[in-house]
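What follows is one structure encoded as structure tokens, with my remarks underneath.
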Amino acid sequence: MDSQSFTRQSKFTYGLVVEEITTRDETNSICTHGSRAMPSGGLSMDGPPTTLSGTGVDRMAFLQANITRDNTEFVNGAIIGDRYIFQVHYLYPRGFKDVHYNKLSRLNHFSCGSK
């Protein structure tokens, strides 16, 4: 059986961001679609949607978590041991049907010297 002692650098961190994105025109009104130029030189407001939802207002929540398992130590002035870093990102756009974003961005393993 292998026993390991973890240093104080082993940690778990997380963050949550909730935001609302609103697109507005020159009069400060919510703008659901962009303008497009007409052949006559005028503007038409039936261009592409300005937000993902098409309403002019998007609400989203982002969650990020990091886990660091650190088993490194100084021996004779050198760092030896293993360090694992695991990161996950998750996005939930509120009001969208069946849309979410989940990303395992990294699983890093650093090995320094030998014990």
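One table, with the values for the structure above:
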| item | result |
| --- | --- |
| In segment 76-98, the residues that are in a loop (DSSP other than H, G, I, E, B) and either exposed (fewer than 12 other Cβ atoms within 10 Å of the Cβ) or modelled with pLDDT of 80 or more (or both) | ASN76, GLY77, LYS97, ASP98 |
| Matching option when the condition is of a type outside the set (Ser, Thr, Tyr), in a strand (DSSP E or B) and surrounded by 14 or more Cβ atoms within 10 Å (Cβ to Cβ), among GLU73, GLU20 | GLU73 |
| Residues being more than 16 Å from the chain's Cα centre (by Cα) and free of Cβ contacts under 8 Å to residues at least 60 places away in the same chain - total across segment 59-71 | 1 |
| Residue that is β-branched (Val, Ile, Thr), surrounded by 15 or more Cβ atoms within 10 Å (Cβ to Cβ) and closer than 30 Å to ARG24 by Cα, where the choices are THR51, THR68 | THR51 |
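The values are calculated or read from the model by the stated rules, or taken from the named source; none is laboratory data. This structure is a prediction, so every number in the text was calculated from the model and none was measured. For neighbour counting, all protein chains shown are included, and Cβ atoms are generated from backbone atoms with ideal geometry for every residue, glycine included.
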